[in-house]
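Everything below concerns the one structure shown next.
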Amino acid sequence: MDPRINHQRLFSGPSAGRIAARLDAWEKAKFAERLWRHDGTLWVPDPEQAAAAPELENRLGWLDLPESMAAEAVQLKEFADEIRSDGITDIVLLGMGGSSLAPEVLMTIFGNAPGFPVLRVLDSTHPDAIAVLDQKIDPGRTFFLVSSKSGGTIETLSFYKYYFHRVAEVVENPGNHFAAITDPGSKLESLAREKRFRRIFFSPPDVGGRYSALTYFGLVPAALIGLDMAELLRQAAVMKAAAGAGIPVPENPALVLGAFLGEMALAGRNKVVFLPTPQLEPFGVWIEQLVAESTGKLGRGILPVVGESLLPPDAYGSDCCFVSLQLAGDASPSLESGLEDLQTAGFPVVVITVNQIMSLAQEFYRWEMATAAAGAVLEINPFNQPNVEAAKIKARELMEISKKTGKLPVSTPLFQDGQLSVYGQPLPQPPSSIGEYLREFLQLVKPGDYLALMAYLPMGQQDQLLQRLREALRGRCRVPATLGYGPRFLHSTGQLHKGDANQGVFLQLTADPLQDIAIPGEPYTFGTLIAAQAQGDFQALEDNGRRLLRIHLGSLLKDGLERLISLVEAD
C-alpha cells in the first residue's frame with residue numbers, strides 16, 4: 001500500500017465475519033465501479049425508485065474534486081493575496097452546516113498563516129454570539145464570505161443583512177468587502193450581483209452541502225487564511241487514488257470503513273464514539289454532520305458521539321463502537337491503553353493514523369465515501385435530508401405570526417421555580433419541584449437510547465458548564481450524550497433526531513439574551529429568530545413522537561446551568 005495513505009486498522013471482534021461478507025458481496029456486485037458510474041441503485045435497488053430520487057446520481061460530484069479543484073489553486077492564492085494586500089485583518093464566514101463546518105475545522109486545526117487574516121465563523125443566530133463577534137472585528141478591515149448552496153438559508157441571509165449594513169456605515173463601497181459562495185442561479189447570486197460583491201464563487205451543483213469540504217465552500221476560506229491549496233488537494237488525491245474504481249473493494253480504505261459503519265449499525269452498534277488525539281479533535285464536528293445527516297432517516301441512523309472523554313469499557317453498552325483518529329506520534333499512553341481495554345472487552349474499534357497534519361485532507365475524502373457506502377448498507381439515500389425541512393417550516397410559521405402580531409406565540413410553562421421554567425408534555429401527576437420533574441423525565445431513558453442536549457445558547461460563553469451538564473447526564477443515565485448548539489445542529493444531527501428509530505431523549509435549553517439585535521430590513525430581531533427556531537425544532541420533534549423537555553434558564557445563564565447540573569447530580 002502507498003505509504004502516503006493514512007493507515008487504517010480495524011478491530012472488529014465478533015463482527016469481522018459480517019464485514020468481510022459485505023466486502024465480498026460488494027466486490028462481486030462491482031460496487032466500486034458502479035459508484036464511480038454514479039449508479040443510484042447502490043442505495044435504492046429498484047431502478048424506478050432510484051430514478052425518482054435524482055440526487056442519488058447528481059450528488060456524486062465530490063468523487064472528482066481533488067483533481068477538478070486543483071486547477072483552481074492558483075487563482076485562489078491570487079485572490080487571497082489580493083484580499084491580504086487590502087489590509088484585511090479578519091475573514092468572517094456567514095453560513096450554516098455544510099457551508100461553515102469544514103472552514104471552522106480548517107481554521108481551528110491549522111490556524112492562519114503568518115501575515116494572513118484570522119477566519120471567524122458565524123453560524124449562530126443568538127444575538128449574544130453576534131455581539132461578541134462585533135467586539136472582535138473592525139467592519140472596515142473585515143472581509144465577509146456569504147456561503148449558502150441554496151442561496152436562501154434564512155440564517156445566512158440574516159447575517160448578510162446585518163453585516164452589509166454595518167460595513168455600509170464605514171466604507172463607500174460595501175460590496176467590495178463581500179464574496180458569495182453559492183450554486184449558479186441561486187437567490188444569493190442575484191443578490192451578490194445587485195450589491196456588487198467583489199467575487200462570486202460557484203460551487204458544483206452536483207455536490208451536496210455536507211460533501212462540499214473540497215469545493216469553494218471549504219477552499220476559499222482555507223486560501224484566505226494562507227493554507228497551501230495545492231498540497232491540501234494533493235493529499236485528498238492520495239485517498240482518491242486509493243479508493244478508485246479499479247481498486248478491489250477489500251483494499252479500498254473508504255469502502256472498508258463504510259462497511260464497518262454500516263454493518264455495526266445493522267448489528268445494533270449504531271453509536272460511534274470518536275476518540276481523536278488533541279490536535280484532531282475539531283474534526284469531529286464535521287464528521288458529526290456528515291454521518292448523522294446522511295444516515296439518520298427512515299427509522300435508521302448512525303449517531304456520531306463527539307467531544308466525549310474516553311471511559312472504562314463497563315461504561316458503554318452493546319450499542320457502541322469506536323473510531324480513534326490519531327495524528328502520528330500524538331496518541332497518549334492513556335488513549336492507547338484505553339483502546340486496548342475496549343478491544344479486550346470485545347468492542348469494535350477503528351484506528352486511523354494521520355501521517356502529518358496536511359494529510360487530514362485525506363480524511364475528508366475517506367469519510368465522504370465511507371458515509372455514502374454506509375448508506376448503501378442501510379439502504380437509505382445518503383444525499384437527502386427529508387426531516388431537516390420540518391423544523392424550518394415550523395420556524396417560518398412562527399415568524400409569520402411574529403410579523404403579523406409583533407411577537408411570537410408564548411407557551412405556558414408546566415412548572416416554574418425561580419428563574420427556571422419547564423416546558424413539555426404534562427406528566428400524569430405533576431411533580432412538586434423541578435428536580436422531581438427532571439427525575440421523571442430522565443427515567444424515560446432506556447438502554448440503547450442516547451441523550452441529546454440541545455443548547456439554543458451562545459457558543460463559547462458557558463461551554464465548560466454545558467460539558468459538565470452533558471457528563472452529568474451521561475453518568476446518571478449511562479447512555480451516550482451529545483451536545484449541540486442551536487440552530488447550527490439543525491443542519492447536522494437535527495436530521496437524525498427526527499429521522500432515526502426514536503432512540504433519542506431530548507433536553508432543549510433556552511435563555512433570555514443579554515441584548516437583542518435588529519435585522520436590517522426585517523420586522524423581527526435575531527432574538528425573535530432564534531426563539532422561533534427553538535420553538536420550531538421543539539414542535540417538529542414533538543410531531544415525530546420524540547421524548548423531550550425544554551428548560552428555560554432565564555436571564556442568568558451561568559446560575560441557571562449550575563443549578564441544573566446540581567439537580568442532575570442529586571440523588
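Spin-label pair Arg396-Lys195: with each label point 7 Å from Cα along the Cα-Cβ axis, the two points sit 2.1 nm from one another. Ranking of Thr412, Thr215 by neighbouring Cβ atoms within 10 Å, starting from the fewest: Thr412, Thr215. Computed extension length for Glu231-Asp2: 80.7 nm, one decimal, from 0.36 nm per residue of separation with the Cα-Cα distance subtracted. The residue list Val74, Gly97, Thr153 was ranked by how far each Cα lies along the charge dipole of the chain toward its positive end, using unit charges on Cβ atoms, and Thr153 comes out on top. For a quick check of your reading of the filter: which trypsin sites (Lys or Arg not before Pro) in the stretch 388-475 sit in a DSSP loop and have no more than 13 other Cβ atoms within 10 Å? Within the stretch 388-475, the qualifying trypsin sites (Lys or Arg not before Pro) (loop, at most 13 other Cβ atoms within 10 Å) are Lys407.
Beta bridges from DSSP with both residues in the chain: antiparallel share about 25 percent, rounded to the nearest 5. Charge dipole (Cα centre; +1 on Lys/Arg Cβ, -1 on Asp/Glu Cβ; no other charges) of the stretch 465-568 amounts to roughly 580 debye.
For Lys240, the aspartates and glutamates whose Cα comes closer than 16 Å to its Cα, not counting residues fewer than 8 places off in the same chain, are Asp2, Glu33, Asp64, Glu67, Glu231, Glu251, Glu363, Glu368. For the chain, how big is the tail of P(r) above 38 Å, as a whole percent of Cα pairs? Summing the P(r) of the chain above 38 Å gives 28 percent of all pairs.
Phi-derived couplings, Karplus 6.51 cos²θ - 1.76 cosθ + 1.60 at θ = phi - 60°, listed residue by residue for the stretch 60-70: 10, x, 5, 4, 9, 4, x, 8, 5, 7, 4 Hz, with x used for Gly and Pro.
List residues of the stretch 187-216, by number, whose backbone nitrogen lies under 20 Å from a label position 7 Å along Cα→C-beta of Ala53. Counting only backbone N, you get 206-212. Pairs over the 32 Å Cα-Cα cut-off, from the set Lys77/Lys136; Lys136/Lys404; Lys161/Lys394; Lys30/Lys446; Lys161/Lys404: Lys136/Lys404; Lys30/Lys446. Out of every Cα pair in the stretch 69-233, what percent are spaced more than 27 Å from each other? Considering the stretch 69-233, 14 percent of its Cα-Cα pairs are separated by more than 27 Å. Structural descriptor for the stretch 282-388: relative contact order 36 percent, calculated from alpha carbon pairs under 8 angstrom and at least 6 residues apart. Could you pull out the longest piece of the chain with no exposed loop GluC sites (Glu not before Pro) in it, calling a site exposed if DSSP puts it outside H, G, I, E, B and it has at most 10 other Cβ atoms within 10 Å? Free of exposed loop sites, the longest segment is 173-571. Charge dipole (Cα centre; +1 on Lys/Arg Cβ, -1 on Asp/Glu Cβ; no other charges) of the stretch 388-569 amounts to roughly 260 debye. Projecting the Cα atoms of Val207, Gln135, Tyr162 onto the charge dipole of the stretch 69-233, computed from C-beta unit charges around the Cα centre, puts Tyr162 farthest toward the positive end. Taken about its Cα centre, the stretch 229-333 carries a charge dipole of roughly 320 debye when the Cβ of each Lys and Arg holds +1 and the Cβ of each Asp and Glu holds -1. Amide H contacts of Leu93 (H built 1.01 Å from N, in plane; Pro and chain starts excluded): Arg120, Val121, Leu122, Leu145 sit under 5 Å, all sequence-distant by 5 or more or on other chains. Calculated from DSSP H runs of 4 or more alone, at -39500 (n - 2.57) each and per residue, what is the 222 nm mean residue ellipticity of the chain, nearest 500? -13500 deg cm²/dmol, from helical runs alone.
Read-outs throughout are calculated quantities, based only on the coordinates presented, and are distinct from any laboratory measurement. These numbers were taken from a predicted model, which means no experiment stands behind them. Quick reminder, even Gly has a Cβ in these numbers, built from the backbone with ideal geometry, and neighbours come from all protein chains shown.
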